[in-house]
Structure formats: C-alpha cells, structure tokens
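The values are calculated or read from the model by the stated rules, or taken from the named source; none is laboratory data. What you see is a predicted model, and the numbers here were worked out from it, not measured in a lab. Please note: Cβ atoms are built from the backbone with ideal geometry, for glycine as well, and neighbour counts cover all protein chains shown.
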C-alpha cells in the first residue's frame, strides 16, 4: 500500500513531476506542429530551424545529465521539473515567428519563472525578461522602410538591446545570490534559457531590417559583445568571490556569442552557435558541479590533474569545445578588420587567467558526480572534435 510517507512520494513530488511531463509534451507538440507547418497555413506562425532543434536537444540532455549525476544538494526532482518545463517554454519561444508574440510570451514566462522561490525579490527577478520584452516590442513596432531613417535606426538599436537584456548581460546585470536554488538562480536563466532565444531571435529580426538598420543592429551587438568579453575575463580573474567569478565567465562566453552574431558572416554565426551549445552543455553543468563548494564558501584548493584538465577545457584550448569557436570567430573578425581581431585575441589570451580559479571550485567529485563530470568533459571533446559535423547537422 502506498501512503503519503512512502519513499515513492518522497522521491517524486507531484508538482515537479507534472511540470516535467508538461515540458516534454509541449516540446513534442511544437516539433510536430513545425513538421506539419510546411504543408499547412501554420507555416507562417510556427517554424523550428535546424539550430533551434539542436539547442532544444542540448537543453534536454543538459537537464538529464545534471539531474541524474549532479551533486545531491542541488535537488534532483526540482531540477528535473524546472529544467524540462523550461525546455517546453523554450520550444514555444523558438517556434513562434512573430516577434511581438515572442515579446508577450517572454513576459509571461519570465513572470512564471520569477514566482518560483528564491532569495531575490520578485520585482528584481522579473525585471530582465520584462525589459527585454518591452525593448523587443518597441523595436519591432518602429522598424521597417516606412518609418523615418532615424527612427528605424533607433528601432534597430532597441532590438539589439532586447537580445542583450533577454540574456541578462551587461548593462542589465543582476545580483547573484549563491544560496538561491540552482533552478531559480539568475545564472540558470543566462546559461540555460536565454541561449535558445539568442540562437533564433536574430534570424527572425534580420530579414525585416533595412541595410542601415542591420548595420546598427550588428554594430551594437559587436560593441556590447566586446564589452561583455572584457568585463567577463577581467572580472572572473579579479573579483573576490568565486560565485561572481562564475558569473563573469558566463559574460565572457556571451561576449563571443554577440560578436559572432553581429559580424553577419557564416563563420561568425557558426561560432555563436557552437558557443551557445557549449554554454548549455559544458559551462552550466560545470557550474552546477562547483555549487557545493560555492555554498560552503570554501576557499578553492588545487586538486591536481583534474583541475588542470578542467582549466584547459575552460580556457578554450584544443581539442575542447571552445577552440573551434575561437578559430571561427577570429576568421570572421579578420575579414571585418584586424583591430577587431586583435581585441578578440587579447580577450582570449586574458581568458586563461581565470580558468584555473574556476576549475579549482569544481574539485574532484566522487561516485555519481565524478561520472557526470567526466561525461561533461567528453561532451566538450565531442563539440570540439566534431564541430564541423555539428554545424552541418544544423545547416550552418
């Protein structure tokens, strides 16, 4: 007889279970509708591109990896429910082709995420998604050839800022509460939810912009990308707390993503795509492996060869996931101008300084957690070695 005190009920709280089932069902329905939309009137409303499908698969894989093998203090069922529920919300956002509908959904999803328990006030937590939706709605309303040129340029600027705000990057940074549950934290939005939006939203916006508006859009992304790259590599090296160092490392990765997107070159888009996959499948899981040490406020200690290996991975060295990103991005930047390539190269060199610091917080987990850590390393190797195949599957 199953009672309220049975182990089954303790292991599988019903709200998290239903949220996980709902996320899987919504994702399956969206993908099915996208497959049918080529022959039905839905083709103008719902469309899931190749890169979007890959990022959804990557997000689901990251949820399963971290739920099954992450350290126990994270809360497995809570992480599974929140993660798969977020995948369902991501599937809806990447499938909708109308940016105004995306803006509306972003408000609803952001508010739903903000109402989950956490240390930060509700108004603070919902501010980023709400402001991103506002910028997206205003920018899309005033874009196009029928508006005055100055207003169209301002709209393009607003659209680019909406993408930065949706990811929670500088200048829209929020305080990171290390005691907040992993599934509700600010870094969960930046490292898990926002990559899918960043991978698909530019493809929705760029075809509708005039050449002058597209130039403003791209220049804004490149400029803020360089700013986030510099802020991230220096901040992760110089900041006092390890939690803040991890936050800055996400900013550095996102800096590469924005620069690659703003260059409007195939190599740049490919670099952004690979970097977003690495954020979801590599950097975020490593952050979750480091959370137990961050929660205990432990001073990082050298852990030998494991820390060195993780440091090499985080530094973007060959043959790990960050290496093809850097090669493609430098190739695209060189075509644009050598000063831009030089700035990127300086940022990549400075990147090495904080890699060992972050690797020490991961430490040397044991048992199930050790298996998860090594699987993350293998995933990074696959992304680095087979980057060409992964790009071809996505059509990039």
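Just a few scattered comments:
- With respect to (1) assigned to a helix (DSSP H, G or I); (2) over 25 Å from residue 395 (Cβ atoms); (3) more than 21 Å from the chain's Cα centre (by Cα); (4) without any contact (Cβ under 8 Å) to a residue 40 or more places away in the chain, the lone exception for residue 212 is condition (4).
- Residues in the range 205-228 that are under 17 Å from residue 174 (Cα atoms) and either at pLDDT below 90 or crowded, with 21+ Cβ neighbours inside 10 Å (or both): 2 in all.
- Of all residues making up the range 46-55, the number that are within 16 Å of the chain's Cα centre (by Cα) and surrounded by fewer than 22 Cβ atoms within 10 Å (Cβ to Cβ): 2
- Residue match in the range 196-207 (condition: out of contact with any strand residue (DSSP E or B) (no Cβ under 8 Å at 6 or more places or on another chain), free of Cβ contacts under 8 Å to residues at least 40 places away in the same chain, over 19 Å from residue 270 (Cα atoms) and not in a loop (DSSP other than H, G, I, E, B)): no
- Of the criteria (1) at pLDDT 85 or above; (2) surrounded by 18 or more Cβ atoms within 10 Å (Cβ to Cβ); (3) closer than 16 Å to residue 89 by Cβ, which one residue 184 fails: (1)
- Filter result for residue 301 (in a loop (DSSP other than H, G, I, E, B), closer than 24 Å to residue 388 by Cα and modelled with pLDDT under 95): no
- Number of residues in the range 244-271 that are surrounded by fewer than 22 Cβ atoms within 10 Å (Cβ to Cβ) and not in a helix (DSSP H, G or I): the value is 2.
- Residues located in the range 218-238, provided they are farther than 11 Å from residue 258 by Cα and touching a helix residue (DSSP H, G or I) at 6+ places or on another chain (Cβ under 8 Å): 230, 231, 232, 233, 234, 235, 236, 237
- With respect to being farther than 19 Å from residue 285 by Cβ, assigned to a helix (DSSP H, G or I) and free of Cβ contacts under 8 Å to residues at least 40 places away in the same chain, residue 341 fits the description.
- Filter pass, residue 192 being touching a residue at least 40 places away in the same chain (Cβ under 8 Å) and on the phi > 0 side of the Ramachandran plot: no
- Answer residue from the range 358-368, given it is surrounded by fewer than 19 Cβ atoms within 10 Å (Cβ to Cβ) and in contact with a helix residue (DSSP H, G or I) (Cβ under 7 Å, 6 or more places away or on another chain) and is nearest to residue 69 (Cα to Cα) among those: 368
- Taking the numbered list (1) within 29 Å of residue 117 (Cα to Cα); (2) in contact with a helix residue (DSSP H, G or I) (Cβ under 8 Å, 6 or more places away or on another chain); (3) surrounded by fewer than 20 Cβ atoms within 10 Å (Cβ to Cβ) in turn, residue 241 passes all entries but (2).
Per-residue answers, yes or no, for (1) assigned to a loop (DSSP other than H, G, I, E, B); (2) without any contact (Cβ under 8 Å) to a residue 40 or more places away in the chain; (3) buried (at least 24 other Cβ atoms within 10 Å of the Cβ):
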| position | (1), (2), (3) |
| --- | --- |
| 124 | no, no, no |
| 131 | no, no, no |
| 135 | no, yes, no |
| 138 | no, yes, no |
| 143 | yes, no, yes |
| 151 | no, yes, no |
| 154 | no, yes, no |
| 158 | no, yes, no |
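Per-residue answers, yes or no, for (1) surrounded by fewer than 22 Cβ atoms within 10 Å (Cβ to Cβ); (2) at negative phi; (3) free of Cβ contacts under 8 Å to residues at least 40 places away in the same chain:
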residue: 331; (1), (2), (3): yes, yes, no
residue: 348; (1), (2), (3): yes, yes, yes
residue: 352; (1), (2), (3): yes, yes, yes
residue: 374; (1), (2), (3): yes, yes, yes
residue: 380; (1), (2), (3): no, yes, no
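- The set of residues in the range 25-36 that are in contact (Cβ under 8 Å) with a residue 24 or more places away in the chain and either under 15 Å from residue 49 (Cα atoms) or surrounded by 16 or more Cβ atoms within 10 Å (Cβ to Cβ) (or both) comprises 26, 27, 30, 31, 33, 34.
- The range 160-181, subset under 14 Å from the mean Cα position of the chain (by Cα) and closer than 20 Å to residue 241 by Cα, residue surrounded by the most Cβ atoms within 10 Å (Cβ to Cβ): 169
- In the range 65-108, residue farthest from residue 27 (Cα to Cα) [restricted to those that are surrounded by fewer than 20 Cβ atoms within 10 Å (Cβ to Cβ), in contact with a helix residue (DSSP H, G or I) (Cβ under 8 Å, 6 or more places away or on another chain) and free of Cβ contacts under 8 Å to residues at least 24 places away in the same chain]: 76
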